[in-house]
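Take a look at the structure below.
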Amino acid sequence: SQQGEEDPQALSIQEGENATMNCSYKTSINNLQWYRQNSGRGLVHLILIRSNEREKHSGRLRVTLDTSKKSSSLLITASRAADTASYFCATLESGGGADGLTFGKGTHLIIQP
Amino acid sequence: DVKVTQSSRYLVKRTGEKVFLECVQDMDHENMFWYRQDPGLGLRLIYFSYDVKMKEKGDIPEGYSVSREKKERFSLILESASTNQTSMYLCASSLRGLGRGARGYEQYFGPGTRLTVT
């Protein structure tokens, strides 16, 4: 079943601007991850944030997690043309023994040069 | 670097054929996964395996089976391909956590196999 839902479905901004994508989920989670997918290729892991963390940075990426609202955001600062891709959030539900992630449908980001 | 490879980038098969999709990872990961990706539906988990010869159903296992005879290789089998199985298939692998606090490592994906069933 789909757990993460990204918002917006599509986003187009000018190079140099910041891009913000949001993800909402439904159940308690162990962690939340963000992935990037370039057109027609496999997914690449960007960042993982655990349920007891509120914010995490990696280079130009900033992720926040609000477990009370069951939501996360991914901020890409100073966007570049190479950031054009689809971005997916994925959640690992807490409890149980399985490590399967549940992915959202993705946000398609276009960076205009 | 972790490398996950899939046997084909593009595959065209006929309805009713038996189809094998192969995935190999080179990082000694315990977990391996098969997803399918469809426009508007995102990624959906078909099956995963957390050890050799072990498998668990994901969200959409109907019409598929899997095989994991060696740690590095995870195969997805379409017993009798149908047109509604036309999709992008993605394989992934990850470490397996050793306890509750260590679950959920990042997954490493292969390039995908775009399967068309006619």
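Observations
- Scanning segment B:5-20 turns up at least one residue that is in contact with a Ser or Thr (Cβ under 6 Å, 6 or more places away or on another chain), modelled with pLDDT under 95 and either within 14 Å of chain A (Cβ to nearest Cβ) or crowded, with 16+ Cβ neighbours inside 10 Å (or both).
So that you can scan it fast, the table gives a plain yes or no per residue for (1) in contact (Cβ under 8 Å) with a residue 24 or more places away in the chain; (2) more than 13 Å from chain B (Cβ to nearest Cβ); (3) touching a helix residue (DSSP H, G or I) at 6+ places or on another chain (Cβ under 6 Å):
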position: A:ARG54; (1), (2), (3): no, yes, no
position: A:ARG62; (1), (2), (3): no, yes, no
position: A:LEU65; (1), (2), (3): yes, yes, no
position: A:LYS70; (1), (2), (3): yes, yes, no
position: A:SER79; (1), (2), (3): yes, yes, no
position: A:ASP83; (1), (2), (3): yes, yes, no
position: A:ALA90; (1), (2), (3): yes, no, no
position: A:LEU101; (1), (2), (3): yes, no, no
position: A:GLY106; (1), (2), (3): yes, no, no
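- Counting only residues that are under 29 Å from B:ARG9 (Cα atoms) and either among the acidic types (Asp, Glu) or touching a strand residue (DSSP E or B) at 6+ places or on another chain (Cβ under 6 Å) (or both), segment A:33-69 holds 13 of them.
- Inside segment A:50-101, residues that are part of a strand (DSSP E or B), modelled with pLDDT of 95 or more and of a type in the set (Val, Ile, Thr) make up a count of 3.
- Contacts under 6 angstrom Cβ, first residue in segment A:11-38 being of a type in the set (D, E, K, R), partner in a strand (DSSP E or B), 6 or more apart: A:GLU15/A:ILE111; A:ARG36/A:VAL44; A:ARG36/A:LEU46; A:ARG36/A:ALA85; A:ARG36/A:TYR87
- The condition (being under 20 Å from A:ASN31 (Cβ atoms), more than 9 Å from the chain's Cα centre (by Cα) and not aliphatic (A, V, I, L, M)) is satisfied by just one residue among B:SER82, B:SER65, B:SER94, B:SER87: B:SER94.
- Summed over segment A:13-48, the residues that are more than 8 Å from chain B (Cβ to nearest Cβ) and outside any strand (DSSP E or B) give a count of 10.
- Residues located in segment B:15-25, provided they are of a type in the set (Asp, Glu) and outside any loop (DSSP other than H, G, I, E, B): B:GLU22
- Every residue from segment A:21-50 that is of a type in the set (A, V, I, L, M, F, W, C), under 11 Å from the mean Cα position of the chain (by Cα) and within 25 Å of B:MET88 (Cβ to Cβ): A:MET21, A:CYS23, A:LEU32, A:TRP34, A:LEU46, A:ILE47, A:LEU48
- Any hit, segment A:52-60, residues being surrounded by 16 or more Cβ atoms within 10 Å (Cβ to Cβ) and under 26 Å from B:GLY112 (Cβ atoms): no
- Members of segment B:45-70 found to be under 30 Å from A:GLN9 (Cβ atoms) and either touching a Cys at 6+ places or on another chain (Cβ under 6 Å) or surrounded by 18 or more Cβ atoms within 10 Å (Cβ to Cβ) (or both), listed by number: B:LEU45, B:ILE46, B:TYR47, B:PHE48, B:GLY58, B:TYR64
The values are calculated or read from the model by the stated rules, or taken from the named source; none is laboratory data. Everything numeric here is computed off the predicted structure, so don't read it as measured data. Glycine also receives a Cβ, built like all others from the backbone with ideal geometry; neighbour counts cover every protein chain displayed.
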